[in-house]
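First up is the structure itself, then whatever we jot down about it.
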Amino acid sequence: MSFSLNMDFQFETTVEKLWSALTDSGKLARWIADNDFKPVVGHRFQFHHQPNEYWDGIVNSEVLAVEEPHRLSFSWVVGEERHTVTLILDDLGNGKVHLRLEQTGLSNKAALSGARYGWEAWVGKLEQVLAEQDAAK
Amino acid sequence: MSPNGGEFRSKRVSGAVSKVQQRDVFDAIADPTRRRLIQLLAEAEDLPLHELAAHFNMGRTGVSKHLGILKDAGLVKDRKAGRETRYRLDAAPLKEVQDWVAYYSNYWSANMMRLGQLLEEDEEA
């Protein structure tokens, strides 16, 4: 088991323009990082972030799904972390497009301080537990 | 900002562990038995050892050992109530775990702000 990150965003644009921003290598470079992405299933590519003391900045990826203009999915591998990032576009009309970001497979076997830590679905309940705790104080 | 938690790791190393908290919270939750104990305690006010032990295929000694580890991490508090010891959850140290999760969420939030700007520029062009 692992846990997922789900985030929702809304943009004032068309679904075609948003799709282009998600699948054009040059545009991706402007909002994620330099890359050699191609919207072709099976294409292997890398994102090159600014390296720092702890990380070479490289994310190894492979395109998993390209369903123009609604769904894009690629793997996201950094060290021992193997995630899947999925972007889902939903045209709301009136020039608004909803974008859902799902990042799954987080920290199932994360290497933190050299140790392996298991994470399970209950982490999702964490905020609730913390909120209840705060409310009780 | 690094989406692999690298910065967070450095923070954890440089940040002093609080004096009362003798064990790393990440170590404490690394074990499935201890995660289940946290879950059980999260659902109740407090519980005695025999009620907690009933959920596991191990003796009370084993469960007690796991409770001790959670206690060292500051996740569990115990108190004597008559002849039994009752255990309750103190979820505050789990904030550290939540902070780690927040790294990815911050990473994407920052990216999405740039995406929004890019789309606006497209509109003007």
*Considering only region B:22-40, state which residues are crowded, with 16+ Cβ neighbours inside 10 Å, in a loop (DSSP other than H, G, I, E, B) and either within 11 Å of chain A (Cβ to nearest Cβ) or touching a Phe, Trp or Tyr at 6+ places or on another chain (Cβ under 9 Å) (or both).*
B:Asp24, B:Ile29, B:Ala30
*Is region B:48-59 home to any residue that is of a type in the set (Gly, Ala, Ser), without any contact (Cβ under 8 Å) to a residue 60 or more places away in the chain and in contact with a Lys or Arg (Cβ under 6 Å, 6 or more places away or on another chain)?*
yes
*Residue count for region A:91-107, restricted to those that are touching a helix residue (DSSP H, G or I) at 6+ places or on another chain (Cβ under 8 Å) and over 20 Å from A:Val63 (Cα atoms)*: 3
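Sort through B:Arg36, B:Arg79 and tell me the only one that's among the basic types (Lys, Arg) and over 18 Å from B:Phe26 (Cβ atoms).
Selected residue: B:Arg79, the only one of B:Arg36, B:Arg79 that is among the basic types (Lys, Arg) and over 18 Å from B:Phe26 (Cβ atoms).
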*Inter-residue pairs, beta-carbon under 8 Å, first under 11 Å from A:Pro69 (Cα atoms) and facing chain B (nearest Cβ under 10 Å) and in region A:4-29, second among the aromatic types (Phe, Trp, Tyr) and not in a helix (DSSP H, G or I), 6+ apart*: A:Leu18/A:Phe11
*Does B:Gly59 meet the test of being at positive phi and at pLDDT below 95?*
no
_Condition first: under 14 Å from B:Asp90 (Cβ atoms) and among the charged types (D, E, K, R). Now tell me which residues in region B:35-60 satisfy that._
B:Glu45, B:Asp46
*Given the conditions (1) modelled with pLDDT under 90; (2) within 26 Å of A:Leu106 (Cβ to Cβ); (3) not aliphatic (A, V, I, L, M), which single one is not true for B:Glu124?*
(2)
*Inside region B:41-125, counting only helices (runs of 4 or more DSSP H) that do not spill past its ends, which hold 2 or more residues that are among the aliphatic types (A, V, I, L, M), within 15 Å of the chain's Cα centre (by Cα) and under 28 Å from A:Arg100 (Cβ atoms)?*
B:95-124
*Is it the case that A:Ser73 is under 13 Å from the mean Cα position of the chain (by Cα) and polar (S, T, N, Q)?*
yes
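The values are calculated or read from the model by the stated rules, or taken from the named source; none is laboratory data. Note that the structure is predicted; figures quoted are calculated from it, not measured. Cβ atoms come from the backbone with ideal geometry, glycine included; neighbour counts cover every protein chain shown.
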